[in-house]
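J.: First the structure, then my questions, so here it is.
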Amino acid sequence: MKNIIQYFSLALMVLLAMPTMAQSQRDFDNFRNPDQRGISQFEAPKDSVTNFDGLYVRVGGAFALQFQDIDHENSGNLDTPVLQEIGGNFNLATANLDFDVMLYDGVQLHLRTYLSSQHHEETWVKGGYLQIDKLDFISEGFAEGLMKNMRIKIGHMESNYGDAHFRRTDNAMALYNPFVGNYLMDSFTTEVGAEVYYFNNGILAMVGATNGKLNQSVTNPKSTSPSLLAKVGYDNLISEDFRFRLTGSVYHTAQTGSAYLYSGDRAGSRYYNVFTDVDGGGDGFRAGRVNPGLRNELTSIMINPFLKYGGLEFFGIYERASGKSVNETDERVWNQYAGELIYRFGAKEQLYVGGRYNVVDGELASGQDVSVDRFNLGAGWFMTKNILTKLEYVNQNYNDYPVADIHSNGQFNGIVFEAVISF
């Protein structure tokens, strides 16, 4: 906690020292707001009408604190690693610092820094990108008709594969997630690349490419090929009360030293110390997640329906990941299914209750077929549009894992309380 206070003190001094930040905070164009208004949003809205009146810096951030009371157990067989004892207490608080900069009419920069996370207590940059919605910096009105429906993103950034990453917790940015935990196969990676978007009357299309690397380096140039990604979908209001969205996405890498799509979040999972053994081994900071281990070749597809009628919303996942790891000759396949039902109520939909069921199944490198299932029940209260408190019950089961695996007949369950501030 001392480190976090120091980080926020430093951020405050920077804020006071920069004249461009002395203005009152205002909303950005083509921007997903980091508060209750951003709930159930996905890609940032596209609008060719802008209010640019000069360089403007928006300083934001997020802070999350949890109380966790979870029990875990496995087979207890002599060949199975012994789990460390865990109990009810507070987890290490997490914090983010965001800079969003309106550089020019239709051109903005986003930069996110993790001030404190489960895996890294030190400050480090998650990534950043340039979002271009107009080309007026070339000449006023340049390609205006084309850019009315197009967007370009370039940077070391979170890949827009699937819709699940828009509802997940990103270190301390837990306000968009109605639950505490993320999904079992948590598709999230930050790579250097570019994405080109097309928006038109609810139709969405995107194509992109990255260099396929999480950790950037010029070494081993022949070991990695670019990763390609694409998304198509439809998102629109069918009536005043009914919104419908359906998207399909694909991510493909043909050759890489290590595909990070399911292990790219270095901040850590939301369940601390679960399935860690007495010697400090086990799942570590990725506890509770499932990584298919398809590290050398990977093709993943994800289909996401989203429906909202009044205060009732449904979000679903069907995902199939296929590929192989180093020294494997046969392709392995993993599948993920998830459905969550949320009911938001109150004058400003500031309260909600909901449930989520998530299951994955696939083949380990050893050839063993296994599955993992998780059930969540949750409730939340937006005390203000920037402050969210939520309570979750979680129950997760590991099925058919080998006796020598730490997950053999594994199971954990309990409650987590989380308080989130985002601005």
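J.: I'm trying to understand the selection: among the residues of region 184-215, which are in contact (Cβ under 8 Å) with a residue 60 or more places away in the chain, assigned to a loop (DSSP other than H, G, I, E, B) and touching a strand residue (DSSP E or B) at 6+ places or on another chain (Cβ under 6 Å)?
T.: L184, M185
J.: Looking for whichever is surrounded by fewer than 22 Cβ atoms within 10 Å (Cβ to Cβ), touching a residue at least 40 places away in the same chain (Cβ under 8 Å) and either within 30 Å of G410 (Cα to Cα) or not acidic (D, E) (or both) here; the options are T276, T253, T329. Which one fits?
T.: After applying the criteria, what remains is T276.
J.: Scan region 189-213 for residues that are on the phi > 0 side of the Ramachandran plot and either acidic (D, E) or open to solvent by less than 10 Å² (accessible area, probe 1.4 Å) (or both) and jot them down.
T.: Correct list: G212 only.
J.: Looking for whichever is open to solvent by 50 Å² or more (accessible area, probe 1.4 Å), farther than 30 Å from I132 by Cα and under 21 Å from the mean Cα position of the chain (by Cα) here; the options are L78, L92. Which one fits?
T.: On inspection, the qualifying residue turns out to be L92.
J.: List pairs: first in region 403-416 and over 12 Å from V372 (Cβ atoms) and modelled with pLDDT of 95 or more, second of a type in the set (A, V, I, L, M) and part of a strand (DSSP E or B), Cβ under 6 Å, 6+ apart or cross-chain?
T.: If the second residue must be of a type in the set (A, V, I, L, M) and part of a strand (DSSP E or B), the pairs left are G414/I70.
J.: V59: among the β-branched types (V, I, T) and either open to solvent by less than 50 Å² (accessible area, probe 1.4 Å) or under 28 Å from N177 (Cα atoms) (or both), yes or no?
T.: yes
J.: In this structure, is D265 open to solvent by 30 Å² or more (accessible area, probe 1.4 Å), modelled with pLDDT under 95, charged (D, E, K, R) and in a loop (DSSP other than H, G, I, E, B)?
T.: Judged against the criteria, D265 is not a match.
J.: G106 fails exactly one of the following numbered conditions: (1) open to solvent by less than 30 Å² (accessible area, probe 1.4 Å); (2) within 24 Å of A174 (Cβ to Cβ); (3) in contact (Cβ under 8 Å) with a residue 24 or more places away in the chain. What is the number of that condition?
T.: Answer for G106: the failing condition is (2).
J.: Now, a different point. Would you check which residues across region 288-321 are free of Cβ contacts under 8 Å to residues at least 40 places away in the same chain and crowded, with 21+ Cβ neighbours inside 10 Å and list them?
T.: R295, the sole residue that qualifies.
J.: Do we find that E121 is under 30 Å from G282 (Cβ atoms), in contact (Cβ under 8 Å) with a residue 40 or more places away in the chain, surrounded by fewer than 22 Cβ atoms within 10 Å (Cβ to Cβ) and charged (D, E, K, R) in this structure?
T.: Yes, satisfied.
J.: Follow-up question, since we're still on this one. Can you tell me which residue is nearest to the chain's Cα centre (by Cα) among those in region 244-284 that are of a type in the set (K, R) and farther than 15 Å from N215 by Cα?
T.: Here the answer is R270.
J.: I would also like to ask the following. Confirm whether A172 is of a type in the set (G, A, S), modelled with pLDDT of 95 or more, surrounded by fewer than 19 Cβ atoms within 10 Å (Cβ to Cβ) and out of contact with any helix residue (DSSP H, G or I) (no Cβ under 6 Å at 6 or more places or on another chain).
T.: Spelling it out, it is not the case that A172 is of a type in the set (G, A, S), modelled with pLDDT of 95 or more, surrounded by fewer than 19 Cβ atoms within 10 Å (Cβ to Cβ) and out of contact with any helix residue (DSSP H, G or I) (no Cβ under 6 Å at 6 or more places or on another chain).
J.: Of all residues in region 350-392 being of a type in the set (A, V, I, L, M) and open to solvent by less than 10 Å² (accessible area, probe 1.4 Å), which is farthest from G311 (Cα to Cα)?
T.: Applying the filter and picking the extreme gives V370.
J.: For region 75-87, check the following and say yes or no: at least one residue is more than 30 Å from D279 (Cβ to Cβ), part of a strand (DSSP E or B) and at pLDDT 90 or above.
T.: Looking through region 75-87, none of the residues is more than 30 Å from D279 (Cβ to Cβ), part of a strand (DSSP E or B) and at pLDDT 90 or above.
J.: Now for a different question. Consider H165 against the criteria (1) at positive phi; (2) assigned to a helix (DSSP H, G or I): it satisfies all of them except one. Which criterion is unmet?
T.: (1)
J.: Restricting to region 124-154, what's the tally of residues that are open to solvent by 50 Å² or more (accessible area, probe 1.4 Å) and among the basic types (K, R)?
T.: Residues meeting the conditions: 1.
The values are calculated or read from the model by the stated rules, or taken from the named source; none is laboratory data. Model, not experiment: these values are computed from the prediction. Cβ coordinates were reconstructed from backbone atoms using ideal geometry, including for glycine residues, and neighbour counts include every protein chain displayed. These accessible areas exclude ligands, DNA and RNA; they are computed on the full protein's heavy atoms, side chains included. Shrake-Rupley method; radii C 1.70, N 1.55, O 1.52, S 1.80 Å.
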